[in-house]
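The values are calculated or read from the model by the stated rules, or taken from the named source; none is laboratory data. Quick caveat, the model's predicted, so the values are computed rather than measured. As a convention, Cβ positions derive from the backbone with ideal geometry for all residues, glycine included, and neighbour counts pool all protein chains shown. Side chains included, ligands, DNA and RNA excluded: accessible areas come from the protein's heavy atoms. Shrake-Rupley method; radii C 1.70, N 1.55, O 1.52, S 1.80 Å.
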Amino acid sequence: MRACLDSILHQNTTRRLQVLAVEDGSTDGSAEWLKEQGIPTIFLSENTGFSGAVNTGIRAADTPYVLLLNNDTT
């Protein structure tokens, strides 16, 4: 996840990118890491699967466009 977020946050673009993570109830320390990094995140209390998580993020987004990325994308 670190490589993915570093890649997004260091894009050379004229537009400011907004990041919103959806933490899907994992138990691998992801939630704690996201909190430590100050990444805007929706924390789900249980795993809702890929479609549940991305639909939650899409509904919460307040931007005209949304790009979905898995945490292993760089």
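Screening A31 against (1) loosely packed, with under 12 Cβ neighbours inside 10 Å; (2) in contact with a strand residue (DSSP E or B) (Cβ under 7 Å, 6 or more places away or on another chain) leaves a single unmet condition, (1).
Pairing residues of the range 37-52 that are more than 11 Å from V22 (Cβ to Cβ) with residues that are surrounded by 15 or more Cβ atoms within 10 Å (Cβ to Cβ) and among the polar types (S, T, N, Q), at Cβ distances under 7 Å and at least 6 apart in sequence or on separate chains, gives no pairs at all. Could you grab me the full set of residues in the range 37-61 that are open to solvent by 80 Å² or more (accessible area, probe 1.4 Å) and under 16 Å from C4 (Cβ atoms)? Passing the criteria: Q37, F50. Restricting the search to the range 42-66, which residues are assigned to a helix (DSSP H, G or I) and not hydroxyl-bearing (S, T, Y)? G49, F50, G52, A53, V54, N55, G57, I58, R59, A60, listed by residue number.
Filter the range 18-28 for residues that are touching a residue at least 24 places away in the same chain (Cβ under 8 Å) and not in a strand (DSSP E or B); which is most open to solvent (accessible area, probe 1.4 Å)? Here the answer is Q18. Kindly indicate whether L9 is in contact with a Cys (Cβ under 8 Å, 6 or more places away or on another chain) and surrounded by fewer than 15 Cβ atoms within 10 Å (Cβ to Cβ). For L9, the condition - in contact with a Cys (Cβ under 8 Å, 6 or more places away or on another chain) and surrounded by fewer than 15 Cβ atoms within 10 Å (Cβ to Cβ) - is not met.
Considering only residues of the range 1-17 that are assigned to a loop (DSSP other than H, G, I, E, B) and within 15 Å of V66 (Cα to Cα), which is nearest to the chain's Cα centre (by Cα)? Here the residue is L17.
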